[in-house]
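The values are calculated or read from the model by the stated rules, or taken from the named source; none is laboratory data. It should be emphasised that the depicted structure is a prediction, and the values quoted were computed from it without experimental measurement. Note that each Cβ is placed from the backbone with ideal geometry, even for glycine, and that neighbours are counted across all protein chains shown.
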Amino acid sequence: MKKEARKQLANEIMNRCRVDKKNTFILSEHDTSWAGTKDIKKLGENKLKKKAKKILKENLKELSEAQELLYATGKKSLLLIFQAMDAAGKDGTIKHVMSGINPQGCQVFSFKKPSTEELAHNYLWRYTKRMPELGRIGIFNRSYYEEVLVLKVNPELLKNSNPNKTFWNERYMDLNNLEKHLTQNGTVVLKFFLNVSKDEQKNRFLERLNDSEKHWKFSDSDLVERAKWDRYQNAFEDAINATATNWAPWYVIPADNKWIMRTIVSTIVTETISSLKLELPQVSDKKKQLLDYARKELENE
């Protein structure tokens with residue numbers, strides 16, 4: 001695909017998936033199986049998958065080059081947040097989108113049940129200490145948003161607290177302030193909600209149950225959490241409405257088609273880094289003289 005056409009497609013994808021803060025976000029209005037433009041929809045499933053893989057491959061090459069600039073300049077960092085219902089494809093998306101990234105410049109963290117030490121600190125402590133350094137890409141597979149998602153659906157997990165509307169609004173404010181602080185100090189924050197349908201989640205659960213090699217992926221809690229589907233959808237809708245900001249945007253990604261999902265995420269990440277207009281560090285005249293001296297010394301050995 002020509003660069004100009006890719007740029008136009010990227011802009012269309014980003015505009016379509018980005019949550020517009022001006023309007024109330026309604027999750028049910030977002031299609032979980034969107035296949036892109038009318039021309040792309042005409043391709044059919046097999047050609048669509050092939051097309052998505054091709055675009056993903058192009059994105060990964062560009063992303064690799066962009067990450068090298070990010071790492072070399074050391075002036076910005078990137079925080080990618082992935083939130084979703086179970087089986088939406090967080091792990092696979094991270095694996096495929098970051099497959100061309102230099103491991104030295106990337107850090108991935110998955111947040112499970114907090115430890116005793118973590119519970120002894122404020123609820124954001126375990127997340128803030130894992131923020132990416134300048135020059136690096138940090139990936140949160142689930143994040144501090146669990147504190148307004150899982151806990152909102154399961155308030156009994158909150159000790160010594162009686163959560164009401166004020167309590168949750170204060171938490172949303174905490175998250176907005178944290179992300180504002182991050183962006184003011186050089187971290188670009190991108191938040192992805194992988195939007196899978198309930199029917200597709202069912203299909204993926206059954207696939208795990210029917211394939212012995214995938215049994216390890218199924219958890220005892222999967223059906224328990226699935227039974228709370230509507231409550232989780234409401235919690236996601238509330239959180240996204242409260243925390244979709246210009247400085248830390250939310251992107252709602254259709255997740256029923258894994259290859260489309262991965263391609264969309266890679267497009268947004270690549271375009272975001274490219275928009276930073278990073279350039280390799282310039283060498284001073286004094287440094288150039290030292291380099292010339294080193295070159296001559298090596299050539300004359």
- Does Gly186 count as among the small types (Gly, Ala, Ser), in contact with a Pro (Cβ under 7 Å, 6 or more places away or on another chain) and touching a residue at least 24 places away in the same chain (Cβ under 8 Å)? no
- Pair list, Cβ under 8 Å, 6 or more apart: segment 219-245 residue of a type in the set (Gly, Ala, Ser), other residue exposed (fewer than 14 other Cβ atoms within 10 Å of the Cβ) and part of a helix (DSSP H, G or I): Ala242/Asn169
- Message: Any residue at all in segment 165-183 that's of a type outside the set (A, V, I, L, M, F, W, C) and not in a helix (DSSP H, G or I)?
- Response: no
- Of Ile268, Ile264, Ile273, the only residue that is under 16 Å from Ala88 (Cα atoms), in contact (Cβ under 8 Å) with a residue 24 or more places away in the chain and either of a type in the set (Asp, Glu) or part of a helix (DSSP H, G or I) (or both) is Ile264
- Only residues that are outside any helix (DSSP H, G or I) and at negative phi: list them for segment 184-194, please. Asn185, Thr187, Val188, Val189, Leu190, Lys191, Phe192, Phe193, Leu194
- Message: Can you tell me how many residues within segment 1-32 are farther than 19 Å from Asn246 by Cα, at pLDDT 85 or above and surrounded by fewer than 16 Cβ atoms within 10 Å (Cβ to Cβ)?
- Response: 3
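Which of the helices (runs of 4 or more DSSP H) found entirely inside segment 83-162 contain at least 1 residues meeting this: surrounded by 14 or more Cβ atoms within 10 Å (Cβ to Cβ) and of a type in the set (A, V, I, L, M)?
Because the criterion is at least 1 residues that are surrounded by 14 or more Cβ atoms within 10 Å (Cβ to Cβ) and of a type in the set (A, V, I, L, M), the helices (runs of 4 or more DSSP H) in segment 83-162 that meet it are 90-97, 150-153.
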